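Colleague: Here it is, the structure in full.
A short reminder: the numbers here are calculations on the coordinates, not readings from a lab. Bear in mind the structure is a predicted one, so any value in this text is a computation, not a measurement. All Cβ positions, even for glycine, are placed from backbone atoms using ideal geometry, and neighbour counts span all protein chains on display.
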Amino acid sequence: MEINPVFARRLYLCWLISHSERPNVPRLMELTGWPRRTLQDVLKALPGLGVELQFVQQGVRNNDGFYQLENWGPINKGWVQQHHQALLAAIE
């Protein structure tokens with residue numbers, strides 16, 4: 001199965017957000033090894049796929065908080081769960 005790396009990155013990030021505790025940008029950078037800008041670009045692209053992502057504000061600073069996946073939209077969550085390793089392989 002050949003998967004487009006750009007699309008794979010978006011799906012993998014959805015899976016990672018749904019399976020991580022308090023996934024914020026620094027934590028996601030640590031888990032993925034991706035640069036901040038790449039991560040921010042992928043996060044910004046998710047609503048274009050129909051994914052509903054929310055930033056849950058905690059603390060006093062604007063960036064204190066974490067991301068939460070509210071709705072997978074048209075993406076099959078079960079498929080992503082089953083193929084997250086293949087998605088990661090397509091990215092690398």
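Colleague: Taking residue 67 as the residue in question, decide whether it is part of a strand (DSSP E or B), among the hydroxyl-bearing types (Ser, Thr, Tyr) and touching a residue at least 24 places away in the same chain (Cβ under 8 Å).
Modeller: Yes: the conditions hold for residue 67.
Colleague: Considering only segment 17-40, I want to know if a residue exists there that is in contact with a Pro (Cβ under 7 Å, 6 or more places away or on another chain) and free of Cβ contacts under 8 Å to residues at least 60 places away in the same chain. Step through it out loud before you land on a result.
Modeller: Narrowing segment 17-40 to residues in contact with a Pro (Cβ under 7 Å, 6 or more places away or on another chain): 17.
From the residues that got through so far, the ones that are free of Cβ contacts under 8 Å to residues at least 60 places away in the same chain too are 17.
Yes; the residues of segment 17-40 include at least one that is in contact with a Pro (Cβ under 7 Å, 6 or more places away or on another chain) and free of Cβ contacts under 8 Å to residues at least 60 places away in the same chain.
Colleague: Follow-up question, since we're still on this one. Name the residues in segment 40-71 that are on the phi > 0 side of the Ramachandran plot and either among the aliphatic types (A, V, I, L, M) or exposed (fewer than 14 other Cβ atoms within 10 Å of the Cβ) (or both), would you?
Modeller: Initial filter on segment 40-71 (on the phi > 0 side of the Ramachandran plot): 50, 59, 65.
Once the filter is applied, which keeps residues that are on the phi > 0 side of the Ramachandran plot and either among the aliphatic types (A, V, I, L, M) or exposed (fewer than 14 other Cβ atoms within 10 Å of the Cβ) (or both), segment 40-71 yields 50, 59.
Colleague: If I filter segment 1-22 down to residues being touching a strand residue (DSSP E or B) at 6+ places or on another chain (Cβ under 7 Å) and within 20 Å of residue 75 (Cα to Cα), which single residue comes out as surrounded by the most Cβ atoms within 10 Å (Cβ to Cβ)?
Modeller: Taking segment 1-22 as the starting set, the residues that turn out to be touching a strand residue (DSSP E or B) at 6+ places or on another chain (Cβ under 7 Å) are 14, 17-18, 22.
Then drop every residue that is not within 20 Å of residue 75 (Cα to Cα), which leaves 14, 17-18.
Working: 14: 23, 17: 20, 18: 15.
My answer is 14.
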